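Peer 1: Can you keep this structure in mind? I'll have questions shortly.
The values are calculated or read from the model by the stated rules, or taken from the named source; none is laboratory data. Model, not experiment: these values are computed from the prediction. Cβ: placed from backbone, ideal geometry, glycine included. Neighbour counts: every protein chain shown.
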Amino acid sequence: MIVEQTSPVIALLTDFGFEDTYLGVMKSVVLTRCPDATFLDVCHLVTPQNVRQAAFLMWTAYQFLPQGTVTVSVIDPGVGTDRKPIAVSWPRGFFVGPDNGWLSYVLRDANGHESEEGATALPAGWKAVHLDVPRFWLTQVSSTFHGRDIFAPVAGSIAAGAAFDELGSPLQSIQTLKPERVQGEDGVVRGRVIHVDHFGNLITDIGAVHLSDRFTVTLGGGTIEGPERSYQSASPLVALIGSNGLLEIAAPNSNASRLIMVGVGEPVTVVTRRKHESVAEPA
């Protein structure tokens, strides 16, 4: 049985952690505009100021958000600068946050191709506005906490039924990050670790589409044969395709990142081959 969502959903993605009052204050401000809002915490442990990590995590989650969700991202190292506060309307809901690239991977998905660095046009059926109408903000706006003073009240206003086009001036494009290009030639694919999850699994930017039915991964000075079907193996490290369709390196019942002392940004080389072919060393 599918239960219809009746109260507005506000999804939150931040680097605030849980030690301070920032998250609770933002939720409180949302509730002053939309008292019946339901909160969905996507993640609050994004590495501080790591917009690319936020973009990756948003990509892993956005397709599963309930219809009509207002998603707020506050990973905002440029707060107080000339970066724009924006809101985006898309067919399944809304995004609110700084115009700093945190929607890069989502736009790549929606457009069907990698976005270049800089201004990227919106897909068909999407709209964006520069949040430049003060009546939707708090009365006093600080230069260091737009999550509280702009994004939270705007999100609450949207959830309460405010007309999207009245929130600000229309935009034809929004900012995206420089793409992390996966390079592949002659059976060799090169990428990088783009995320280390809570379990220490090393998630790369190499998708299953780049791989064959057997391959050898070189990472951190060692090699790993793949793919495995699960995280359990007699080997100290396994290479497998994770739930997001990306190559992961994991340590059964342990922490791969700590075991081989690598993290985000580490180069990854994969030699692809068919089952009958012998292992080739990367050039």
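Peer 1: Just for the stretch 171-213: of the residues that are part of a loop (DSSP other than H, G, I, E, B) and of a type in the set (Asp, Glu), which one is surrounded by the fewest Cβ atoms within 10 Å (Cβ to Cβ)? Break it down stepwise before answering.
Peer 2: Narrowing the stretch 171-213 to residues part of a loop (DSSP other than H, G, I, E, B): 172, 177-182, 186-187, 197-201, 211-213.
Subset that is of a type in the set (Asp, Glu): 180, 186, 197, 213.
Details: Glu180: 16, Asp186: 8, Asp197: 15, Asp213: 10.
Checking each candidate, the answer is Asp186.
Peer 1: Right, something else. Can you work out which of the residues in the stretch 8-61 that are of a type in the set (Ser, Thr, Tyr) and within 14 Å of the chain's Cα centre (by Cα) is surrounded by the fewest Cβ atoms within 10 Å (Cβ to Cβ)? Show your work before the answer.
Peer 2: The initial filter retains those residues of the stretch 8-61 that are of a type in the set (Ser, Thr, Tyr), namely 14, 21-22, 28, 32, 38, 47, 60.
Remaining after also requiring within 14 Å of the chain's Cα centre (by Cα): 14, 47, 60.
On the way: Thr14: 23, Thr47: 15, Thr60: 18.
Ranking the qualifying residues of the stretch 8-61, first place goes to Thr47.
Peer 1: Against the definition (modelled with pLDDT of 90 or more, closer than 27 Å to Asn244 by Cβ and in contact with a Pro (Cβ under 9 Å, 6 or more places away or on another chain)), how does Val154 come out, yes or no?
Peer 2: No; evaluated as a whole, the condition is false for this residue.
Peer 1: Same structure, new question: Are any of the residues in the stretch 209-222 modelled with pLDDT of 90 or more and either in contact with a helix residue (DSSP H, G or I) (Cβ under 6 Å, 6 or more places away or on another chain) or of a type in the set (Asp, Glu) (or both)?
Peer 2: Looking for residues that are modelled with pLDDT of 90 or more and either in contact with a helix residue (DSSP H, G or I) (Cβ under 6 Å, 6 or more places away or on another chain) or of a type in the set (Asp, Glu) (or both), one finds none in the stretch 209-222, hence no.
Peer 1: Filter the stretch 80-98 down to residues that are touching a His at 6+ places or on another chain (Cβ under 8 Å) and either modelled with pLDDT under 90 or within 14 Å of Ala54 (Cβ to Cβ) (or both), then give me how many there are.
Peer 2: 1
Peer 1: Another one. Does Val217 meet the test of being touching a residue at least 60 places away in the same chain (Cβ under 8 Å), among the hydrophobic types (A, V, I, L, M, F, W, C) and in a strand (DSSP E or B)? Lay out the reasoning, then the answer.
Peer 2: Details: touching a residue at least 60 places away in the same chain (Cβ under 8 Å): no; among the hydrophobic types (A, V, I, L, M, F, W, C): yes; in a strand (DSSP E or B): yes.
So Val217 fails the test.
Peer 1: Same structure, new question: Could you count how many residues in the stretch 243-266 are surrounded by fewer than 18 Cβ atoms within 10 Å (Cβ to Cβ), under 23 Å from Ser212 (Cα atoms) and in contact with a strand residue (DSSP E or B) (Cβ under 6 Å, 6 or more places away or on another chain)?
Peer 2: Count: 1.
Peer 1: Could you list, ordered by first residue, the pairs with Cβ atoms under 9 Å in which the first is in the stretch 64-89 and assigned by TED's automatic domain parsing to the domain that holds Gln172 and surrounded by 24 or more Cβ atoms within 10 Å (Cβ to Cβ) and the second is in a loop (DSSP other than H, G, I, E, B) and of a type in the set (Lys, Arg), at least 6 apart or interchain?
Peer 2: Asp76/Arg83
Peer 1: For Leu107, are the conditions met, namely being under 19 Å from the mean Cα position of the chain (by Cα), modelled with pLDDT under 95, not in a helix (DSSP H, G or I) and not hydroxyl-bearing (Ser, Thr, Tyr)?
Peer 2: On the way: under 19 Å from the mean Cα position of the chain (by Cα): yes; modelled with pLDDT under 95: yes; not in a helix (DSSP H, G or I): no; not hydroxyl-bearing (Ser, Thr, Tyr): yes.
So Leu107 fails the test.
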